[in-house]
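Participant: Supplied in structure tokens, the structure appears directly below.
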Amino acid sequence: DNDETTTTSSSTNKNRFMTLTRLPRRGYEYTDAVCTLVVVASLMVSPQICSIQTRDVLKPMNTHASWMVQSGVENVRPFFDAGLKGNGVLVAVSDSGLDYENCYFQDDNFDVDMVFDEYIPDHYKVKEYNTLPFGDKYDYEYGHGTHVVGSICGNTKDGTFGMATGVAPEAQVAFMDLGVGTTGSLRLPNSMEQVCITGRRSSILPTQKAKLHSASWGSATDKSYNTQAKQMDEYMYQNDDFLMLIAAGNDGYSSDHIGTVGAPATSKNCLAVGASHSYGDGLDGGLLSLRLFGFQLGPNHLADFSSRGPTQDGRNKPDLCAPGKHILSAGAQPNRPGSCDPSSGRPSLKEGSADGVTWMAGTSMATPITAGHAAIVRQYFTQGFYNDYLPSNISNATTTTMNTITHKNPSGALVKAVLMNGAQYLEGVGDGNGPQTLNPYDVHQNYGRISLADSLYLPGYSRVQVSVSVGSCSDWYYYQ
């Protein structure tokens, strides 16, 4: 009974759309249905119409996560120690809203007069808060969007490490508010370009552009390569420095879990993210956890709810997985500025929420964790960390040559490839009947769980060897 819109595109102008809205039911169901069918039928005979399709109502789909991805050793964060915390990277997010007065985003200079719909040069964390055309300038209590942004880059202004510090704490955010009210449903513009340009408009962000966009939302029923997916692919093709990260969906627990990845995660160029198990409280949530979320099997297992491939046209999705069952992150508390870590200590999974933090589970949680680590990958290249780790056996001339190589704007495809190449296979998944074995590159996990330790070279910690070609193709040097 969800309200739907029918969206059509013109063959003469790919960016022109017509939306027909079915009104909420108020005793006129038959009339609304007949009117809609008549209009659709008339459009079908027009040679200018390429396609007609329904658009679903879209729904939203850390500290543990950071060390799990960086090293796999509890509380060991070698990339943080090396200075890789997302510094200088702007990440765009579209979601239900952001409680910018939560301690993990709060800037005292903006407590009263937050700036909306324009560049915010002086805010330490939020560089843009876009409310056009649908947003309402806030998140609901313990809302989805605040949790998502906290997982990416939550960080108190003084840098104190807390319960909900994000995986890229020095990154900044450009936010697009898509939520209205407290239902959790999102309203999107017809053109996905309006979403993709968040944090990228030169008139708003003159010196800093978002090259990553985290989208923890999608359709629970539309599994096709739909208009939204096509538009996102077109935008990434035209802007090759940009990467959209999209939640795969939470329909993997269904009896027929194959082919459950929801649009627009069916996009070809995006990074579609599934969810793996987390650590700690996520493993001992007790009877409530068992009833709500199924068996907890540890970080090398896929979450049972994580949507699976293939897509309807046979492509493997999701692309990879990240911890998403369960994640503690920032919790929205409207009208309670400064909400932060509870003085009574971290809430249990059974308690769910306390003060300014809350637990959530889903591919919605795995996607921002992946986006935060993608920010670290971008920082690694844009700030030249690879030059700091040149092997000692390279000549001075070669070192000079290497130091002149810059990657100030790595492509979205490179960031995606680095994360996928270093991902590690998951062992299995719990489907309610006990653990089931998974295979590498299968439709459940594809490349597996992200691992920075296997993706980027870091002396003494990483498990990856990197070859560097300098000059002719025969000149190869290896990072040990």
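The values are calculated or read from the model by the stated rules, or taken from the named source; none is laboratory data. Remember, it's a predicted structure, so these values are computed and weren't measured experimentally. Every residue, glycine among them, receives a Cβ derived from its backbone with ideal geometry; neighbour counts consider all protein chains shown. Side chains included, ligands, DNA and RNA excluded: accessible areas come from the protein's heavy atoms. Shrake-Rupley method; radii C 1.70, N 1.55, O 1.52, S 1.80 Å.
Participant: What translational diffusion coefficient, in µm²/s and rounded to a whole number, does the Stokes-Einstein relation yield for the range 64-219 at 10 °C and a viscosity of 1.306 mPa s, taking the hydrodynamic radius as the Kirkwood radius over Cα pairs?
Facilitator: 100 µm²/s
Participant: For residue 94, enumerate residues with amide H under 5 Å from its amide H, sequence gap 5+ or separate chain, H modeled in the peptide plane.
Facilitator: Residues meeting the criterion, in which the H sits 1.01 Å from N, are 176, 214, 216.
Participant: Follow-up question, since we're still on this one. Which ³J(HN,Hα) values, rounded to whole Hz and listed in residue order, are derived for the range 442-455 from phi using the Karplus coefficients 6.51, -1.76 and 1.60 in 6.51 cos²θ - 1.76 cosθ + 1.60 with θ = phi - 60°, glycine and proline given as x?
Facilitator: 7, 6, 8, 10, 6, 7, x, 8, 4, 8, 5, 4, 10, 10
Participant: Just the number, please: carbon plus sulfur as a percent of the accessible area of the range 127-278, 1.4 Å probe, no ligands or DNA/RNA counted.
Facilitator: 49 percent
Participant: Shifting gears a bit: Among 235-243, 318-326, 441-449, how do they line up by average Cβ neighbours within 10 Å per residue, starting with the highest?
Facilitator: Sorting 235-243, 318-326, 441-449 by mean packing, highest first, produces 318-326, 441-449, 235-243.
Participant: Over the range 68-138, average the accessible area per residue using a 1.4 Å probe and give it in Å², no decimals.
Facilitator: Computed with neighbouring chains in place, this is 37 Å² per residue.
Participant: Could you work out what % of the accessible surface of the range 321-372 is carbon and sulfur, using a 1.4 angstrom probe and leaving DNA, RNA and ligands out of the count?
Facilitator: Answer for the range 321-372: carbon and sulfur cover 42 percent of the accessible area.
Participant: Order the peptides 115-127, 265-277, 214-226 from the highest to the lowest mean number of other Cβ atoms within 10 Å of their residues.
Facilitator: Put in order of decreasing packing, that is 265-277, 214-226, 115-127.
Participant: When the chain is fully extended, how far beyond the present Cα-Cα distance does residue 201 get from residue 136, taking 0.36 nm per residue of separation?
Facilitator: Gain on extension, residue 201 to residue 136, equals 21.3 nm.
Participant: How would you rank 336-345, 90-99, 143-152, 182-191, highest first, on the average number of other Cβ atoms within 10 Å across their residues?
Facilitator: Per-residue Cβ counts within 10 Å, averaged per peptide and sorted highest first, yield 143-152, 90-99, 182-191, 336-345.
Participant: Using a cut-off of 16 Å between alpha-carbon atoms, which lysines can reach residue 127, once sequence neighbours fewer than 8 places away in the same chain are excluded?
Facilitator: Once the sequence-local lysines are set aside, what remains near residue 127 is 137, 157, 209, 211.
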